[in-house]
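Scroll down for the structure; my scribbles are underneath it.
The values are calculated or read from the model by the stated rules, or taken from the named source; none is laboratory data. Just so it is clear, the model here is predicted, and its values are computed rather than measured. No Cβ is skipped: glycine too gets one built from the backbone with ideal geometry, and neighbour counts run over all protein chains shown. Calculation scope for accessible area: heavy atoms of the full protein, side chains included, ligands and nucleic acids excluded. Shrake-Rupley method; radii C 1.70, N 1.55, O 1.52, S 1.80 Å.
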Amino acid sequence: MAVPEPDRHPDPTPSATADLLTLGRRVRHRRTQRGMTLDQLGAAVGATASQLSLVENGHREPRLSLLRAIAQTLGTDVGDLLQPTPPSRRAALEIALDRAQRSTLYAATGLPTVRVTRSLPTEALEALVGLHAELTRRDDAALATPEEARRAMTALRLWMRERDNHLPDVEDAAEEMLRHGGYVSGALTHRSVALMAQHLGFTLIHVDDLPHSTRTVTDLANGRIYLPPASIPGGHGLRALALQALAHRVLGHERPRSYGDFLRQRIEIAYFSSACLVPRHAAVAHLTEAKKAKNLAVEDFRDAFGVTHETAAQRMANLLTSHLGVPLHLMRVGDDGALYKGYENDGMPLPTDGTGAIEGQVVCRQWPARMAFTRRDRTTEYHQYVDTPAGTYWASTQTGTTAAGGFSISIGVPYASSTWFRGRETRVRTRSTCPDPACCRRPDPALAGRWAPHAWPSAAVHAHVLAPLPSGTFPGVDESEVFAFLDAHADR
């Protein structure tokens, strides 16, 4: 289910390296406590000093017979030597430095390896380990650039298109949780969501002091999920927020290792949430009947399950191809023409930049996603055909407004598939030749000749264009604020 992603800082040895290092340091710690040299220990256990040195430095795994002899000679047992924790603060620092210096990130610097001896002060060890941690942090932050984000988002979009925007494993997980929530039919209730949380050992708590950089906060220690107050005009649906928080646990997510991993988790939790709000078995039954009647409509699907228009459109994108064989495209477009979200498996030529990313690209003015803004009555869905270089497409579009401005949600299909949708009888049809600049980007020659020498417009630059991408374990989250919040609520 997850997008394969190479580890950028892999260790050159297996993951057991950390255990071997800890084992070696515990042997050394016990040996020095006994006042023995490597030669003395080697004579007692039938091994050479060089062999024992390799063991103490984590370069060789000792045979069980040798380990037993070492433990007996040092007055301890094998279980003590195999404990996963370093025997001292200094040993922990030595292990951390050893691992850091073995990483490919450090190897790329071309700097020599610092050999740790007993004469190296502990303060120097702490400084070296701290510098390595900062080097790793800065490398991670450098990758969290707009370019890296676009590449990661493009890879995820293409990965989803290969699967027709359908994730069966997440669908199955949602169906299983719905059974625990007592779901039968219709809209998923808040009570059902609370029962699902209870099954996972969590209580949903609404608070009015959530950290500003979070939508929810999960307290794993005390089994609590903190949500915003029960009524937030224009805010995210509370059912969806709670379900997304639960999704991390249901899907077994770990702390994201990269920005790409973070984005993949966001896609999966959003998918899980919508799969719970619009359950697969009920949704497919609804869509099957509507297709038979040639009456597929996002607004009917939306109202049947009590969700937003965007969630209904997204679930149609998840299910129509995989279950009913209908290819389609989905777009969320701002009233400035910028494409904020897009998906297609029907050949619709979504605009892309040089990296293949679609986010932030301007869609053609002739497309339904933008033409819908030109009509006065926006209470119902807008239907339109558009001829493109890739063929003719039909789309149903609904507009809305948020604090950030207007937006449109479009579900479209190739001309041949429009027969299954309500609104196919529309006579509204436009022609688009984009990405040809002459279509809608190049000004009229007469107007350009008249005004080009005299016009000096001041561009409105989107803030997100200039803002750097957040870095850290959870991008965009102020972790110090989150930890203070959890501490304040822990005893309530």
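Share of carbon and sulfur in the accessible area of the range 26-152 stands at 53%, probe radius 1.4 Å. With all pairs of separate Cα atoms included, the range 155-208 yields a Kirkwood hydrodynamic radius of 13.2 Å. For the peptides 88-99, 325-336, 54-65, residues were scored by their other Cβ atoms within 10 Å and the scores averaged per peptide; the highest-first order is 325-336, 88-99, 54-65.
In the assembled protein chains, D39 presents an accessible area of approximately 110 Å² (probe radius 1.4 Å). In the assembled protein chains, R442 presents an accessible area of approximately 140 Å² (probe radius 1.4 Å). Axis angle, to the nearest 10 degrees, between helix 479-489 and the longest C-alpha principal axis of the chain: 90 degrees.
The packing ranking, built from the mean of other Cβ atoms within 10 Å per residue, places the peptides 410-419, 105-114 in the order 410-419, 105-114, highest first.
Here's the list of aspartates and glutamates a cross-link from K292 could span, going by alpha-carbon distance under 16 Å and ignoring same-chain residues fewer than 8 apart: D300. A protection proxy built from the mean count of other Cβ atoms within 10 Å ranks the segments 426-434, 265-273, most packed first, as 265-273, 426-434. Computed per residue of the chain from DSSP H runs no shorter than four, each worth -39500 (n - 2.57), the mean residue ellipticity at 222 nm is -13500 deg cm²/dmol. Annotation: Cα Rg of the chain relative to the compact-globule expectation 2.2 N^0.38 Å equals 1.27.
Computed over the chain, relative contact order equals 12 percent, with contacts defined as Cα pairs under 8 Å that lie 6+ residues apart.
Using the Cα gyration tensor of the range 241-357, with a ≥ b ≥ c the square roots of its eigenvalues, what is the shape: rounded (a/c below 1.5), prolate (a/b larger than b/c) or oblate (neither)? Oblate shape, in that a/c is at least 1.5 and b/c is the bigger or equal ratio. Taking a ≥ b ≥ c as the square roots of the eigenvalues of the Cα gyration tensor, the range 334-428 is oblate, since a/c reaches 1.5 or more and a/b is not larger than b/c.
Helix 89-102 and the longest principal axis of the Cα set of the chain meet at an angle near 60°.
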